[in-house]
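This report concerns only the one structure given below.
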Amino acid sequence: MNLRMMSYLLALALSPASGALPDIPQPTVPECSLSAGGGQVDFGRSSPAQLRPTAGGMTPGVRRLMVSVSCTLAQEMRLRADGPASGAAFRWGEGGGTLRIHIERALLDGDDVQLARIIAGDSRTGDAVSRLQLRPGEGFVVLRHGAPARGRLLTLSLTLEPLLSGQESHPRQRVRTDGWLDLTLLP
């Protein structure tokens, strides 16, 4: 058998017969999951003597949390932060305490990216920054070279720091303080 005949038979063998193999539909809408390393951050018990002074009050310290969004297909990454509010910050406890939450670093598919606030639910965004303080009810978008970025894996490194007011930092009885953050991937 010559080379031309062998190539023809190989091509014929590798081509699917008409209607023999159905087309496998590809997903058009990405499926995404959001996860937080540990999911819960514990600041433990602190006496007033263990709290440290910082701008805005007394703090039991800073904790770190890794959050990731994984999608089956590349998509624009837009998220919203929700939780109990105290002005423009997250509430911490029942008194006047607040919880500062910052995104310290954002990686999209392994590359550093910037973030910008989504202004009033609109598609307009604020200034591009590499470190962003989260605020209750506000959204943010991931940017690459100043434009909304598409990707499959977003990794956020968050810092959380409770700030206790004067009264809260010197309670007369044991006080339980807590807060929460809910991140939602936006369409």
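Only the coordinates and a few stated rules stand behind these numbers; no lab work does. Bear in mind the structure is a predicted one, so any value in this text is a computation, not a measurement. Here the Cβ is made from the backbone with ideal geometry for all residues, glycine too, and neighbour counts use every protein chain on show.
At a glance:
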{"quantity": "DSSP-assigned coil residues among GluC sites (Glu not before Pro) in the range 65-166, each with at most 15 further Cβ atoms within 10 Å", "calculated": "GLU94"}
{"quantity": "Neighbour net charge for ALA81 - beta-carbon separation under 9 angstrom, K R +1, D E -1", "calculated": "-1"}
